[in-house]
Amino acid sequence: MNKLVFALVIVCASQVMTVTAQTSKQDSLARELRSYVARNFSKSRTFNLYWETNPSYDYKLKQNEKEIENGKMRDIHTIKFAATVPVVLLKNFSLYVNGQANFYKFEALDNTTSSVSSVFAKNEDAYNYYKGTLSGAFRTKIGSKHLILNANISGDGWDKGFEEVEGTFSAVMLLKNTPTTSFSIGVYGMTLYDQIPVLPIVTYWHQFNPKLSVDVTLPSSVYLRYQLGDSHRVSLGTSMDGERFYMRPEIEGLPKTCLYSSTAIKPQLVYEFIINKHFYLIARGGASGVINSGFYKTDRKGVDGDPLVEFSRSMTPFFNLGFSYNLFK
């Protein structure tokens, strides 16, 4: 299995699970799902704002196995904002609109010439990525087991215009749900990718005691969580994270517009604080190691294969500070 398509899908699958869990107080099934996922610390938040920074690091760009640039990234900052708003909330069906805006700012220098990178300089050291999603969730039963079906249609773009439309689908069955243990399995599928359009989803949560629990969403994240009272939680584990934006690299043999896509694994320590009934503060720190990264065609067809230009770097530390608002507690 190609490691890039595997990594991209699991990041998307985690996001689909988050949207599926969010709903109103009147929706008993979704409230049950939200409870088993994280108890007081729900994964589904109405508004999320994150800022992340990394220290400087060296990178390499390779095209057809030939190095075309050896450079250094510095002054690296990422801001991400996302909002999920319910449109329809019925007993067994929910419809949501989600909007994302990601802002990437950094300086790239060519180590060979000691000048500004010829690849990344064209967008004046700032890249913006926008995405809108319409998501529908339907909840039913097969026998005594709850089944959650989720379908999404998304469109994305950047400052220079609209780019691509893609669709995703997931089906997740809740096999076990007790006060201390929950277990579910499912599948996740998507358009725009050729080699592996469907992958499995497995989620497991178990509470060892009132303070200690394990929270697993395979293959995207694994956390050991320790809850301090009702307002503080510390988690140790690892997760997958994806970055993407459009750019015009002006490299011979490449399309005029390319998609930069990167998937990283992040072992980390997470601290969460419930400020009040609806507001959360989240701080994360750890290391980020790239699984696969590079420039691809905007139609995504090449994303489940080798990149047009490969981007590589060593593992680097990161710090992430977030603020969330959850309309539905």
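Brief remarks on what is shown
- Within region 213-227, the residues that satisfy the criterion of being modelled with pLDDT of 90 or more and open to solvent by 50 Å² or more (accessible area, probe 1.4 Å) are VAL222, LEU224, TYR226.
- Residue match in region 149-162 (condition: over 17 Å from the mean Cα position of the chain (by Cα), open to solvent by 70 Å² or more (accessible area, probe 1.4 Å) and not acidic (Asp, Glu)): yes
- In region 163-187, the residues that are out of contact with any Gly (no Cβ under 8 Å at 6 or more places or on another chain), of a type outside the set (D, E, K, R), open to solvent by 50 Å² or more (accessible area, probe 1.4 Å) and part of a strand (DSSP E or B): LEU175, ASN177, PHE183, ILE185, VAL187
- Pairing each residue of region 231-242 that is over 12 Å from ALA287 (Cα atoms) with any residue that is outside any strand (DSSP E or B), provided the two are 6+ apart or on different chains, yields C-beta distances under 6 Å for ARG233/PHE41; GLY242/VAL11.
- Selection over region 222-266 of residues that are within 26 Å of PHE183 (Cβ to Cβ) and among the hydroxyl-bearing types (Ser, Thr, Tyr) gives a count of 5.
- Any hit, region 190-197, residues being modelled with pLDDT under 90, in a strand (DSSP E or B) and within 30 Å of ASP306 (Cβ to Cβ): yes
- Scoring LEU89 on the criteria (1) closer than 20 Å to ASP241 by Cβ; (2) open to solvent by 20 Å² or more (accessible area, probe 1.4 Å) leaves a single failure, condition (1).
Conditions (1) buried (at least 20 other Cβ atoms within 10 Å of the Cβ); (2) modelled with pLDDT of 90 or more, marked per residue:
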site: SER235; (1), (2): yes, yes
site: TYR246; (1), (2): yes, yes
site: THR257; (1), (2): no, yes
site: GLY285; (1), (2): no, yes
site: TYR325; (1), (2): no, no
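- For the residues SER221, SER170, the requirement of being polar (S, T, N, Q) and more than 23 Å from ARG139 (Cα to Cα) singles out SER221.
- Applying the criterion of being open to solvent by less than 30 Å² (accessible area, probe 1.4 Å) and not in a strand (DSSP E or B) to the residues of region 41-64, the residue that is modelled with the lowest pLDDT is PHE41.
The values are calculated or read from the model by the stated rules, or taken from the named source; none is laboratory data. This structure is a prediction, so every number in the text was calculated from the model and none was measured. Glycine also receives a Cβ, built like all others from the backbone with ideal geometry; neighbour counts cover every protein chain displayed. For accessibility, only protein heavy atoms count, side chains too; no ligands or nucleic acids. Shrake-Rupley method; radii C 1.70, N 1.55, O 1.52, S 1.80 Å.
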